[in-house]
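The next block holds one structure in the form of structure tokens; read it before the comments.
Derivation of every value follows stated rules applied to the coordinates shown; laboratory data play no part. Keep in mind that what you see is a predicted model, and the values were worked out from it rather than measured. Neighbour counts run over all protein chains shown; Cβ positions are idealised from the backbone, glycine included.
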Amino acid sequence: MAVKIVEIQKESWPQVRLIGKKYDGAPNWGEWWANDWFSRLECSPRHPMNQDAFVGAVRIRDGKPQRWIGMFFPTETVAPEGFEWVDIGPLDYAVCYLQAPDGSGDFYSMETHEQCLAALKAQGLTRKEGDWCFERYQCPRFTTPDAQGNVILDYGVSIL
């Protein structure tokens, strides 16, 4: 089953601080679970735009994707020892609420990214090239399947 876009919302964000770990290659979610790193971040109040979600984010730096795993915080938040941070913003995002079966790898395909960009274009929205995109794994939308076994992933794309 392909991913279905169930809704698109525009969000205007003030400056935020992304605290987590930066990856020049593929991010390693497994090490986050193995080391219980999210619990260390959850000790600080998250930015309201983060909600209670875990975040995967990417931007282009020097022509290459720079990936992050972490959470969004107010800009004055101090990163715990062993974590990195980057200040982002202020930015506008178009957030596609993507629906697919729990455990589906379809959420993470380039086809799904292109599907979102096409849907944004159809609504007259333009991606801000080279700037941030994020996956917001919001509980319980992403963690608790509905009656049909589907979950929702929030996929944000920075827009002009």
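Taking a Cβ cut-off of under 13 Å around ARG17, the surrounding Lys, Arg, Asp and Glu residues balance to a net charge of -2, with basic ones at +1 and acidic ones at -1. Highest GNM mean-square fluctuation among GLY103, GLY82, GLY70, for the chain modelled with Cα contacts below 10 Å: GLY82.
Packing here is the average count of other Cβ atoms within 10 Å per residue, and on that basis the peptides 31-39, 51-59, highest first, run 51-59, 31-39. How big is the gap, in Å, between the Cα center of the stretch 81-106 and the Cα center of the stretch 29-64? Here the two parts' Cα centres lie 9 Å apart.
With contacts taken as Cα pairs under 8 Å and at least 6 residues apart, the chain reaches a relative contact order of 32 percent. First obtain the Kirkwood hydrodynamic radius of the stretch 115-160 from its Cα pairs, then insert it into the Stokes-Einstein equation at 37 °C and 0.692 mPa s, and state the resulting D in µm² per second as a whole number. Diffusion coefficient, whole number: 273 µm²/s. Starting from the Cα of GLU42, step 7 Å toward the Cβ, then list every residue of the stretch 143-160 with an amide N under 15 Å from that point. Hits in the stretch 143-160 for GLU42 at 15 Å: 143-144.
Take the Cα of ASP92, step 7 Å toward its Cβ, do the same at VAL78, and the gap between the two points is 3.7 nm.
Straight-line reach from LYS22: taking Cα to Cα under 19 Å and skipping same-chain neighbours fewer than 8 places apart, the aspartates and glutamates in range are GLU31, ASP36, GLU42, ASP62, GLU81, GLU84, ASP87, ASP131, GLU135. The label point for THR144 and the one for LEU160, both projected 7 Å from the Cα toward the Cβ, are 4.1 nm apart. FRET efficiency for the pair HIS113 and ASN35, taken as 1/(1 + (r/R0)^6) with r the Cβ-Cβ distance and R0 = 25 Å, rounds to 0.30.
This model, with +1 at the C-beta of Lys and Arg and -1 at the C-beta of Asp and Glu, gives the chain a dipole about its Cα centre of some 280 debye. For LYS10, the lysines whose Cα comes closer than 22 Å to its Cα, not counting residues fewer than 8 places off in the same chain, are LYS121, LYS128. Descending by average beta-carbon neighbour count within 10 Å, the peptides 60-66, 105-111, 18-24 line up as 18-24, 105-111, 60-66, the highest first. Normalised by 2.2 N^0.38 Å, where N counts its residues, the alpha-carbon radius of gyration of the chain equals 1.01.
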